[in-house]
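The structure appears below as structure tokens.
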Amino acid sequence: MRFAEPTDYSVLFKLIQGLAEYEKLSHAVTGNALELKEHLFGSHRYVEAILAESAGKAVGFALFFHNYSTFLTKPGIYLEDLFVLPEYRRKGIGKALLTKVAQIAVERDCGRLEWSVLDWNESAQEFYRSMGASILDDWRICRVTEDALTQLGSFERIHN
């Protein structure tokens, strides 16, 4: 288990593609490895990543970033992705990745660690509950992307 380094960007992107394939969302991967590298290691670092390795091969990752809780007045960590290659599952790798991100949250005095899970992924939900997570039924994710994001971003100019 280690923090990703600049030379890891392409293998990390391949793992992201593996996650997308597992989630039946390969069509949604429109970014690329070079953009990922810039966001991980560029002048403004948007995300951080941890790689899990077995015999020198990257077999899983956790990608996360800071958010903020106004109610707690503390930073938090949002776990964007946690993924382990299928042939390496049930060996404690996912647990180790999640534990490491939790340790980072504690070290950074964060008030919470949050992530999303697909409603059909019952094995992941069971795993997360076993790790002490609560799955919040009363919250929904809101998302604006692509053209809708551009339109929303220009809303003020249009209506002022």
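The values are calculated or read from the model by the stated rules, or taken from the named source; none is laboratory data. Bear in mind the structure is a predicted one, so any value in this text is a computation, not a measurement. Because the Cβ atoms are built from the backbone with ideal geometry, glycine has one as well, and the counts that use them run over all protein chains shown. Surface accessibility is based on the protein's heavy atoms, side chains included, excluding ligands, DNA and RNA. Shrake-Rupley method; radii C 1.70, N 1.55, O 1.52, S 1.80 Å.
Numerical summary
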item	result
Hits in segment 88-98 - residues which are open to solvent by less than 60 Å² (accessible area, probe 1.4 Å), without any contact (Cβ under 8 Å) to a residue 60 or more places away in the chain and not in a loop (DSSP other than H, G, I, E, B)	88, 93, 94, 98
Criterion violated by residue 124 - all others in (1) at pLDDT below 95; (2) surrounded by fewer than 12 Cβ atoms within 10 Å (Cβ to Cβ) satisfied	(2)
Any hit, segment 20-27, residues being open to solvent by 90 Å² or more (accessible area, probe 1.4 Å), more than 19 Å from residue 93 (Cα to Cα) and aliphatic (A, V, I, L, M)	no
Of all residues making up segment 15-54, the number that are out of contact with any Ser or Thr (no Cβ under 7 Å at 6 or more places or on another chain) and touching a residue at least 24 places away in the same chain (Cβ under 8 Å)	19
Test: residue in segment 99-110 that is within 16 Å of residue 19 (Cα to Cα), assigned to a loop (DSSP other than H, G, I, E, B), modelled with pLDDT of 95 or more and over 12 Å from the mean Cα position of the chain (by Cα)	no
Output for segment 13-53, where each listed residue is out of contact with any helix residue (DSSP H, G or I) (no Cβ under 9 Å at 6 or more places or on another chain) and basic (Lys, Arg)	24
